[in-house]
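Asks: I have a structure here, written as structure tokens, and I will follow up with some questions on it.
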Amino acid sequence: EDISRVVWPSSPGKGWATGVHRLSSLPNGNPLTTPDTKATIEQHGPYQHGAGFPAKNGDTPMLLFPANIPLNLTAGTIGPAQQNVFVSEFGSVSMSSFESMAPTLAAKHWGLHAGQPWDTCEGVSSGERTCTGDNVMAQRNYPCDNVIVVYFGSALAGLNGTGEVAFKRQLYQCLISSALVVKQAIETRRAQNVFGLIVWQFGEIWPTGGWGSVEYGNPNFPGQVLGGRWKPLQYWYKSSLYADAFASCGAGGQCFLRNDAPAPFQGSLTLQLTDFASSAVQVLEQKNISLPAGAGAAEWFSSAKVGQHDGTKGILEAVVRD
């Protein structure tokens, strides 16, 4: 074995009982053995699969799931001295943009259901299924129907629509909905003793219902750009979800601040509400932030105004500035 490389028994795993240096996980020449019992230190999931339409992957029945809005947050001590876990894989399926998808389809098939009779697809949802029929969208891996319905409501007639306007709406709803799945999962875990969050996956391997936050990036294929366009989720990663200094709020106005940078953070937090109907922005609360060096330097607080917020009327933003 290569003693210069860190080794790991499996993913997810519980680490080694013998055979590695405890500090570095580099092999020490002794037999590699795993523990029979040990606290969980690595997790996989959740994985939000697509459903509601027969396709090569996913489920045909409309399998709905909790939206996780608002977040259910429980104040607790966060820090590297606490028992913690590393999440090495989780994610949600989504389609790509109209600009990526449309050039790969005939215009008459611009729609999540392609404007064709549904295929009959058989096999386990966790693997590749066998589909009988001519529906072109059945070949695009995972559907997005259930993800859209959870966050935008039961507009099934809209999911059957075809044409440029219908397809753009469907793809936009799919992209935002899947981004919300991952956003809520990340914010929930950053409120806990989690010190690693790796999403499945980064880049799509073709314009399909897949797991990537960046679209297919081969410019030799119609509609694709070099490196791939960013989906909304990728922008959220950069702007907030994976920012070192971060804040979020949940049910009852329970909020938290967290700094995962190796240096102290000084800045401000603005909790603001954007009205769905008018786009008017109302500042609910502002406060100065002073957090010690991370990782996992956190502060909990409650906001009565956030607790009174009606999530059906507007969207709450927690904006951190340095």
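The values are calculated or read from the model by the stated rules, or taken from the named source; none is laboratory data. The shown structure was predicted, so the numbers you read here are calculated from the model rather than taken from an experiment. Methodologically, a virtual Cβ is constructed for each residue, glycine included, from the backbone with ideal geometry; neighbour enumeration extends over all protein chains shown. For accessibility, only protein heavy atoms count, side chains too; no ligands or nucleic acids. Shrake-Rupley method; radii C 1.70, N 1.55, O 1.52, S 1.80 Å.
Asks: How much net charge surrounds ARG258 when only the other residues with a Cβ under 14 Å from the Cβ of ARG258 are counted, with Lys and Arg +1 and Asp and Glu -1? Walk me through the numbers before you get to the answer.
Replies: On the way: positive: ARG189, ARG190; negative: GLU187, ASP244, ASP260, GLU299.
So the surrounding residues net to -2.
Asks: Here is a follow-up. Given contacts defined as C-alpha pairs under 8 Å and at least six residues apart, what's the relative contact order of region 1-97, whole-number percent?
Replies: 25 percent
Asks: Ok, one more. Please report how far the C-alpha centroid of region 3-51 lies from that of region 160-231, rounded to the nearest whole angstrom.
Replies: 29 Å
Asks: Can you give the local net charge around SER278? Use residues other than it whose beta-carbon is closer than 15 angstrom to its beta-carbon, Lys and Arg +1, Asp and Glu -1.
Replies: For residues surrounding SER278, the net value is -1.
Asks: Is the shape of region 148-247 rounded, prolate or oblate, going by the alpha carbon gyration tensor and its root eigenvalues a ≥ b ≥ c, with a/c under 1.5 for rounded and a/b larger than b/c for prolate?
Replies: Oblate.
Asks: What does the accessible area per residue of the chain come to in Å², with a 1.4 Å probe and no ligands, DNA or RNA counted?
Replies: The answer is 50 Å² per residue.
Asks: Compare the peptides 88-101, 183-196 by average per-residue count of other Cβ atoms within 10 angstrom and give them in order, highest first.
Replies: Listed from highest to lowest mean packing, they are 88-101, 183-196.
Asks: Go ahead and run the numbers for FRET between ASP134 and PHE202, Cβ-Cβ distance against an R0 of 35 Å, rounding to 0.05.
Replies: Efficiency, rounded to the nearest 0.05: 0.60.
Asks: Specify the residue with the greatest mean-square fluctuation among ASN141, ASN68, ASN30, computed from a Gaussian network of the chain linking alpha-carbon atoms under 10 Å apart.
Replies: Taking springs between Cα atoms under 10 Å, the residue moving most is ASN30.
Asks: For the chain, which whole-number percentage of the solvent-accessible area (1.4 Å probe, protein heavy atoms only) is attributable to carbon and sulfur atoms?
Replies: Answer for the chain: carbon and sulfur cover 55 percent of the accessible area.
Asks: Still on this structure, please answer the following. Taking 8 Å as the Cα distance limit and 6 or more residues as the minimum spacing, I'd like the relative contact order of the chain as a percentage.
Replies: Taking the mean separation of contacting Cα pairs over the length of the chain, I get 17 percent.
Asks: For the peptides 113-124, 50-61, 244-255, 219-230, what is the packing order when you average, over each peptide's residues, the other Cβ atoms within 10 Å and list the highest mean first?
Replies: Listed from highest to lowest mean packing, they are 50-61, 244-255, 113-124, 219-230.
Asks: Given only helices, namely DSSP H runs of n ≥ 4 each adding -39500 (n - 2.57), what is the per-residue ellipticity at 222 nm of the chain, to the nearest 500 deg cm²/dmol?
Replies: -4500 deg cm²/dmol, from helical runs alone.
Asks: Post the alpha-carbon centroid distance, region 242-291 to region 91-124, in whole angstrom.
Replies: Taking the Cα centre of each part, region 242-291 and region 91-124 sit 37 Å apart.
Asks: With Cβ to Cβ distances under 13 Å as the rule, what net charge do the other residues near THR60 carry (K, R +1; D, E -1)?
Replies: Net local charge, THR60 excluded: -2.
Asks: Something else: Run the numbers for ALA293 and THR274: contour at 0.36 nm per residue of separation, minus the present Cα-Cα distance, in nm.
Replies: Computed gain between ALA293 and THR274 is 3.7 nm.
Asks: Run the simple label-point estimate for HIS44 and ALA17 please: 7 Å along Cα→C-beta, distance reported in nm.
Replies: About 2.3 nm, to one decimal.
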